[in-house]
Amino acid sequence: MARKKPTKPADAAPVGAHTHKDARTNIPTRELAGFAAEDEMRARGYSVQLRKEPKMAVAVIVDFPDGNAQKYEQVTGKLFPEGKLPEGWRVHIAGPAGNGWQVVNVVPSQEQFETFAREQLLPAAQQAGDAPPRITFFPVYRLIRN
């Protein structure tokens, strides 16, 4: 004879959660254990600081209409002298595109890249003889890496 699986009552709290009563309404509520633990810590007088969600990274596409490998090497030699990306940058990809050169970067924020472009990229590109690049930004929804 087959055994019946025990069933969980419909109002049972999910795993990792516990039930308590809302202080204002005295009605039982369920909260994830993390939030409940936070409330309990505060009730005991501890200071609890929540981590802020990290800002969404931004992808930057930089099109150099008359760029080439030689100009790219000259510019990146000035921008990244030790071969390292600036703090917080996640990706730098470059290659030929159409009649020019295209670079894709994933950076912490548009504001940070705009400052970098104004203070470093544009002067270095001008010295290399590149025309001003066309820069496009978009928010990174997902970045998958191995």
Determine which single condition GLY83 fails, assuming it passes every other condition in (1) part of a strand (DSSP E or B); (2) over 14 Å from ILE135 (Cβ atoms).
-> (1)
Report, by residue number, each residue of region 108-129 that is surrounded by 15 or more Cβ atoms within 10 Å (Cβ to Cβ) and under 18 Å from ALA69 (Cβ atoms).
-> LEU121, ALA124, ALA125, ALA128
So which residues in region 130-146 are within 16 Å of GLY67 (Cα to Cα) and either crowded, with 17+ Cβ neighbours inside 10 Å or aliphatic (A, V, I, L, M) (or both), if there are any at all?
-> ASP130, ALA131, PRO133, ILE135
Using beta carbons and a limit of 7 Å, which pairs, at least six apart or on different chains, have the first residue in region 68-91 and surrounded by 14 or more Cβ atoms within 10 Å (Cβ to Cβ) and the second one of a type in the set (S, T, N, Q) and part of a strand (DSSP E or B)?
-> TRP89/ASN105; VAL91/ASN105
Taking region 81-99 and keeping residues more than 13 Å from VAL60 (Cβ to Cβ) and either among the β-branched types (Val, Ile, Thr) or modelled with pLDDT of 95 or more (or both) leaves GLY95, PRO96, ALA97
Out of (1) surrounded by 17 or more Cβ atoms within 10 Å (Cβ to Cβ); (2) in contact with a Ser or Thr (Cβ under 7 Å, 6 or more places away or on another chain), the one GLY100 does not meet is (2)
Has region 26-33 got at least one residue that is β-branched (Val, Ile, Thr), modelled with pLDDT of 95 or more and either out of contact with any helix residue (DSSP H, G or I) (no Cβ under 9 Å at 6 or more places or on another chain) or part of a loop (DSSP other than H, G, I, E, B) (or both)?
-> no
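The values are calculated or read from the model by the stated rules, or taken from the named source; none is laboratory data. Nothing here was measured: the structure is a model prediction, and the numbers come from that model. In this analysis, Cβ positions are derived from the backbone assuming ideal geometry, glycine residues included, and neighbour counts consider all displayed protein chains.
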